[in-house]
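One structure is given here, and the rest of the page talks about it.
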Amino acid sequence: MTAPSAPRVTLSTSSVYPGTTANAFELADRLGYDGVEVMVGIDDVSADLNAVRGLRDYHGVPVTSVHAPCLLITQRVWGTDPWAKLERSAEMAHALDADVVVVHPPFRWQRDYGRRFVEGIAELEQRTGIDFAVENMYPWRTGKRELQAYVPGWDPREQDYAHVTIDLSHTATSHSDPLAMAKDLGPRLRHVHVADGSGTGAKDEHLVPGRGSQPCADFLAQVVAAGFDGDLVVEVTTRKAGSDANRETDLLEALAFVRLHADAGPA
C-alpha cells in the first residue's frame, strides 16, 4: 500500500518583507521550498500577473496559492471594490495554475461586502472553480477593550465556509486552541499558514515556528495524520532579521521545522 504523499511546504512572499516578491521567489528556489504563495499588494510586482508569471518561469518555482489584497495596507490595490479584488485574485490563480485563494473576512466597516460575504464566497467558488479559503482572524485589543473588527466574525468555524485557512499566529492572538480548531473544521481545513506567536498581547507576531507558545509541532502532526492534503505555507515575519543572512537562516529554520513535524520531506 502506497503511503499518502506529504503536503507541500511553500513560502509566502510576505515572509521576506521588506524584501520583494522577486526576493521571495529566489529564496524559495534556493532554499528548497515546494512553491510560493503570492501575497498581492506587498509590492507592485505582486499585483502584476505577467511579472509574477515571469518569476515563476525563471525560477521554476510554482505559484500554489494567491492571497487576495484584503489587508489594511492593500485597501486600494486593484481598486476599492472587494468583490472585484476576489474576482481578479481568482483570475490570477487560474493563470498561474494555483488552486487556492486566501481571503480574510470583511472589516466591520465594509457593511455591504460583509452582508453577503458567506453566500458570495460560495458563489465565487462555484463559478470560478477556485477554492476560497477564508482565514481565521482575531479580535482587536487596546488595553482592556476588545473590538470585533471582522464580520460575520473572526472565527471561521461559526460560518458555513467550504474551505478555511488556519493561521497559527492568528490563533495565538485570538487565544484559540489550534488543535481544537482543526478538529472542529475537519475536511473544511484547506490551507495552513505556519507561524507562531506568544499569545501574551494584542500583536499578530508571525514568529518562526517553535519560537512562540503555539503547539506548532503537535498541530502539524495532527493535521497530516488526519489526511490534510493542502499546502503548509510558511508565513513569518523577518522584518527585524537585521541582514539577508539572518533572514535566510530564519526561513531555513522554518522550512526544516515544518518538514520535520509534518514528515514533509522533498519529493
Working only within region 38-54, note down all residues that are at pLDDT 95 or above and either within 18 Å of Val236 (Cβ to Cβ) or buried (at least 24 other Cβ atoms within 10 Å of the Cβ) (or both).
-> Val38, Met39, Val40, Ser46, Val52
So Val61 clears everything in (1) among the β-branched types (Val, Ile, Thr); (2) buried (at least 18 other Cβ atoms within 10 Å of the Cβ); (3) not in a loop (DSSP other than H, G, I, E, B) except one condition, right? Which one?
-> (3)
Out of region 84-97, which residues are out of contact with any Phe, Trp or Tyr (no Cβ under 8 Å at 6 or more places or on another chain) and open to solvent by 10 Å² or more (accessible area, probe 1.4 Å)?
-> Glu87, Glu91, His94, Ala95, Asp97
Look through Trp154, Trp140 and report the one residue that is at pLDDT below 95 and of a type in the set (A, V, I, L, M, F, W, C).
-> Trp140
Scanning region 65-83 for residues that are aliphatic (A, V, I, L, M) and not in a strand (DSSP E or B), which turns out surrounded by the most Cβ atoms within 10 Å (Cβ to Cβ)?
-> Ala68
Mind listing whichever residues of region 114-143 are among the basic types (Lys, Arg) and touching a residue at least 40 places away in the same chain (Cβ under 8 Å)?
-> Arg141
Out of curiosity, is Val118 within 25 Å of Asp229 (Cβ to Cβ) and crowded, with 22+ Cβ neighbours inside 10 Å?
-> no
Complete set of residues in region 130-144 that are in contact with a His (Cβ under 8 Å, 6 or more places away or on another chain) and either open to solvent by 10 Å² or more (accessible area, probe 1.4 Å) or not in a loop (DSSP other than H, G, I, E, B) (or both) = Asp131, Phe132, Ala133, Val134, Glu135, Tyr138
Could you list, in sequence order, all residues of region 1-37 that are open to solvent by less than 20 Å² (accessible area, probe 1.4 Å), touching a residue at least 60 places away in the same chain (Cβ under 8 Å) and in contact with a Ser or Thr (Cβ under 7 Å, 6 or more places away or on another chain)?
-> Thr10, Ser15, Val16, Tyr33, Gly35, Glu37
Under 7 Å by Cβ, and 6 or more places apart or on different chains, what pairs join a residue from region 166-193 that is more than 16 Å from Gly212 (Cα to Cα) with one that is of a type in the set (D, E, K, R)?
-> Met181/Arg157; Asp184/Arg157; Leu185/Arg157; Arg190/Asp131; His191/Asp231
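The values are calculated or read from the model by the stated rules, or taken from the named source; none is laboratory data. For clarity, every value in this text was computed on a predicted model and none was experimentally measured. Because the Cβ atoms are built from the backbone with ideal geometry, glycine has one as well, and the counts that use them run over all protein chains shown. When the accessible area is computed, the model is the full protein with side chains, heavy atoms only, and any ligands, DNA or RNA have been set aside. Shrake-Rupley method; radii C 1.70, N 1.55, O 1.52, S 1.80 Å.
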